[in-house]
Each structure stands twice: as structure tokens, then as C-alpha cells.
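Let me begin by presenting the structure, written as C-alpha cells, before commenting on it.
The values are calculated or read from the model by the stated rules, or taken from the named source; none is laboratory data. Note that this is a predicted model, so its numbers are computed, not measured. Backbone-built Cβ (ideal geometry, glycine too); neighbour counts: all protein chains shown.
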Amino acid sequence: MGAPSRKHISTSYVERQNLTMQMHMRRFTRLTNAFSKKLEHHVAAISLHFMYYNFVRIHQTLRVTPVMAASVTDRVRDIADIVALIDDKPAKVNHEKEAHYGPALGSDAQRLIGH
């Protein structure tokens, strides 16, 4: 965004995120049989990874979760909080009507962070 200085442009943050995803989810490593056969399953796996990574996992350098460091929430969540979000989702009725690119976390994410 904007006009960043070329000397400050770096791909290291993106590469670190890619490595983290590869280490936590086998579906991103090469030559594996742990792949998603449906786009919906792939998106769900990525969503679960990022929910865990941002809301549950305490990062060593931050000493808190990323959402706590960003002052989005004031407590560490656990897996039960994520499962509760999944359990509260209504079942989809018609899968063939249009392409589905993952669950919208709008109101659920707001409820999870306590807003």
C-alpha cells in the first residue's frame, strides 16, 4: 500500500509464513498424500490453522497470542472455543448452487474475540 521505499521491501515475512504453514499442515509439503480433494476442505483446514495460530498458540517472541498483542482480545482461547464456533455453524443445504470458498467468520470471529 502506498509507496514503500524499495530498500525496505522484503519477502522474508511471506516466506516465514509459508514455512510455518508447511510445518503445521502436511497438505502444503511436496509429494504428500495429505491433500484436499475438495476446495471446501482445503479452505477449512487453512481456516483452522489460522484460528489456532492467531487465537490459541502463544508465540515465543510475543509471549502472547497475536490477537492479544494487537489488543483484539484479552485472553488466550483454546481448541474448545474453535470447536464451539464450528458446532454453532448451520449446515449448508445446497452445495451445488454456487462455489463456496470457505466459511465467513464475520459474526463468529466477533463473538470469539468478545465484541
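Any idea which of A84, A44, A69, A80 is in contact with a Leu (Cβ under 6 Å, 6 or more places away or on another chain) and either hydrophobic (A, V, I, L, M, F, W, C) or crowded, with 16+ Cβ neighbours inside 10 Å (or both)?
Just a single option satisfies the conditions, and that option is A69.
Among the residues of the stretch 1-28, those identified as out of contact with any His (no Cβ under 8 Å at 6 or more places or on another chain) and surrounded by 10 or more Cβ atoms within 10 Å (Cβ to Cβ) are E15, R16, Q17, N18, L19, T20, Q22, M23, R26, F28.
Looking at the stretch 34-67 only, could you name the residues that are farther than 14 Å from H24 by Cβ and assigned to a helix (DSSP H, G or I)? Residues satisfying the conditions are L39, E40, H41, H42, V43, A44, F55, P66, V67. Looking only at the stretch 2-24, residues that are in a helix (DSSP H, G or I) and within 25 Å of H59 (Cα to Cα) come to 14 in all. If we scan the stretch 25-33, do we find a residue that is in a helix (DSSP H, G or I) and at pLDDT 85 or above? Within the stretch 25-33, not a single residue is in a helix (DSSP H, G or I) and at pLDDT 85 or above.
In the stretch 18-29, the count of residues that are in contact (Cβ under 8 Å) with a residue 60 or more places away in the chain and out of contact with any Cys (no Cβ under 6 Å at 6 or more places or on another chain) is zero.
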